[in-house]
1. By the gyration tensor of its Cα atoms, with a ≥ b ≥ c the square roots of the eigenvalues, what is the shape of segment B:176-272: rounded for a/c under 1.5, prolate for a/b over b/c, or oblate?
2. What does the average come to when, for each residue of peptide B:229-240, you count the partner chain Cβ atoms lying within 10 Å of its Cβ?
3. From the phi angles alone, apply the Karplus equation (6.51, -1.76, 1.60; θ = phi - 60°) to segment B:274-288 and give each ³J(HN,Hα) in whole Hz, x where the residue is Gly or Pro.
4. Quick query: amide H of residue A:186 versus all other amide H atoms, modeled in the peptide plane; which residues come in under 5 Å with a sequence gap of 5 or more or a different chain?
5. Pop a pseudo-label 7 angstrom from the Cα along the beta-carbon direction at both residue B:446 and residue B:341 and give the gap in nm to one decimal.
6. For chain A, what is the accessible area per residue in Å² when the probe is 1.4 Å?
7. What net charge is computed for the residues neighbouring residue B:301, neighbours being all others with C-beta under 15 Å from the C-beta of residue B:301, Lys and Arg scored +1, Asp and Glu -1?
8. Express as a percent, rounded to the nearest 5, the fraction of DSSP beta bridges in the protein assembly as shown (both residues included) that run antiparallel.
Amino acid sequence: MKKFWALFFFLWPTVALIVCYIAPSRDWWFYTEAMSPLGVRIDNLFYMILWIVTAVFIGTQYALGYVMWKGATKSESQPAHFSHGSHSLELIWTIVPAFVLVFIALYQMDVWRDFRVKSSFPEETQQDGAQMEITARQFEWRIRYPGPGKQLELTPQPDDLYAVNEVHIPTGRPVKFNLRTDDVQHAFFAPELRIKQDAVPGKVIPVWVMVEESGTYNLLCAELCGWGHYKMRANIYAEPEEKVQEYMEQLLQDQNDDGVSEDSDDADDE
Amino acid sequence: MSIRTIISSSLVCLAALVMAGCGNGESSFVPGKSTGKLMTGAQAQVRKTVDTVFGTPQNLVVWDVLPINDGGIRGTLTDYGKSSAGAATTKWLTITLDSDWATDSPEGATIDFYSGVWSQATIKEWNPETGQVLLTDKVARADGSKKKDVPQKPSVGEKIVINSGVVLRHGRSLYQRHCSHCHGTSGDGAGPTAEYLHPLPRDYRLGKFKFISNKTNSRPSRDDLHRILKNGVPGTYMPSFVPMLKDEELTAVIEYVRFLSMRGEFEEKLGIAFTEYTMEAYSKSDEKKQLVADLKSFIQEDLKDELEYVQEDLKTAWTDADDFETSGVFPVAPRVPDSLASRQRGRELFVGKALNCVNCHGIDARGNGPQTEDFEEGADEPGLHNAWGHVVKPRNLTTGIYRGGRRPIDLYRRIVAGIDPSKMPAFGGKMPIPAGRLAADASPEDRAIAQDEQVWHLVNYVLSVPFEVEPGHLPEPVLAETDEPQTTPEEN
Ligand SMILES: [Cu+2]
């Protein structure tokens, strides 16, 4: 019976490993491919940590299994041996993980810097400034673009263009936007683009992203912000520069809609 | 009983309660305010009528005369068919449909027959070319009863409806999930979260809406409701529901909002028919017996006409709402280009005696005009009261937030048609025309154009208010600004 229990408890980590190993290929659960270069780098960090964790998991589980098996096969007549700590063992399991943690902390530094530190943002975003302001609000995303040919100002301008829950960004070049919130704390979460950034009341937080491939990506809120948190969902449309320009023109036209003028689309809109 | 049994059994009860939810899990429509004021007999009659016509949330009824698109496809039963073996059977029917039924999977669709009462069956197969339908089983009375006086078999020539109510039921479940905690199950704007919000969620039961593209006091068009759901109402707790709700979900939930609104209005109007029979009248009356007898004869003799009248009223109002040509508000003259002069004229109109926007919106357009401190007749707090009896503040126009939309056409509509439920008057046709603008014999068209020009000046002014250097002091026009050197924004 003792042997049974030893094997029984060893079985579960083994099952867990197998399930985790086959889950992505069976489409049980795994995140989708990263759609931004920075996202790929973040994924690489993740994989590195995953390997470390896997190694530690296998090692510790194997050790535990070994101890259990040893205990289970030992004869009952032998008296138990109690030990109270081993100085060198404790040193080892403190220093080795400390090294691993320090290594991870240092190793991820440049990805962190490229994502978060303003002075290391891609050069284009430094020159162009923010392309839009995204304001989280209970429970929607409101977007403000600068008027045609203008730069985004921190405060609203007369010719700004507005949209709700619909972000259009050009592909193939880094784009910077300002993130803010109107009320409580929210978090800008674009899973496919690997961006998760809190929006903090009173702060204007610059974020940049570069998307290589055209497509529609999710924008969610990742900070429980109230009853309607679940419905803070928007679409990020990554598309070629011309398409974005077309969209902006459409937005401009809609926003200047006076119900009469030639280009007014009121007829099919109403 | 030991303490332990008490604790454990109460835990079990609690768990059972939690799992069962509150009450019996059925939601119900609550009666309107004015219904509650009626005499018991009148109240019962109103509630009974409303329930017959609109059903309960679990069992919705669509009154055919109202313009509600419940998703059902109507047609007629043209023939009984024969089974493949050649025997006559009630399972094979031939039907003709009034409109196209675009479906890939007819199996499982319901088909309702009307032969005095409705009965229902389920479709197994359908042949779009021949109109032949195979049913899974015999036609059954929808209410399950087996009254003798009702023909068990629908006869040829009778009305049928396929998939009756699917859209409305879909709309209801979406509404319950996404809207009812604010707008309430009955659409009374009194869901559980409502009390924490300002402004309060819309109470649909008066059929009054604020941000519509239709004339003063009209119902909203489906497109208006669609726009509200797409854009939300910025500056309030009404959020945008796109892209969370897909197109067909929006259609369904919009139809359900219209259903609730018509239901509320129906009840309200029916209540008005009973004005002579309120509790108050009863308690004041010297001849209580006579009053009860009058009520009885009223219900027996006049109610039918009243119902017809209410029905006709609702039908016209809600049908017209979707007819943009007759109900829509649209300008005849295009927007006057934005310029300093135009804004100045707008400001003149804004403060001028003729329109007196400042009376409500205030001299600096902050929504604090003198009228916000006046007491309305019978009110116990100062300020404007909206159609639902709550104090409403005129908009602070310096914030640059426009709840009904920021397009020029939106603001045009707000000014021309007003915001009736909030007592902002309709200013269409009331614009003072500057001397010399029109000849004495100007045609009505010219007059309309001149009117519109004035409205556009106001729109240009309103849009410039958030950018004023100081209240009433107009900034240089945008156009002039573009020549100035661009300053680079500094974030953070
Ligand atoms: Cu949020």
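1. Details: a/c = 1.43, a/b = 1.18, b/c = 1.21.
Because its axes are fairly even, with a/c under 1.5, segment B:176-272 counts as rounded.
2. Numbers: counts 0, 3, 6, 6, 0, 6, 2, 0, 5, 1, 9, 12.
Mean inter-chain Cβ contacts per residue within 10 Å come to 4.
3. Working through the residues one at a time gives 9, 3, 6, 10, 8, 4, 4, 4, 5, 5, 7, 5, 8, 10, 4 Hz.
4. Those lying under 5 Å, H to H, from residue A:186 are A:199.
5. Modelled inter-label distance: 2.0 nm.
6. On the way: 15830 Å² over 270 residues.
Value returned for chain A: 59 Å² of accessible area per residue.
7. Values: positive: B:296, B:304; negative: B:276, B:294, B:302, B:305, B:306, B:308.
So the environment of residue B:301 carries a net charge of -4.
8. 85
The values are calculated or read from the model by the stated rules, or taken from the named source; none is laboratory data. From a predicted model like this one, the values you see are computed outputs, not experimental measurements. Because the Cβ atoms are built from the backbone with ideal geometry, glycine has one as well, and the counts that use them run over all protein chains shown. Accessible surface is based on the protein model in full, side chains and every heavy atom, while ligands, DNA and RNA are left aside. Shrake-Rupley method; radii C 1.70, N 1.55, O 1.52, S 1.80 Å.
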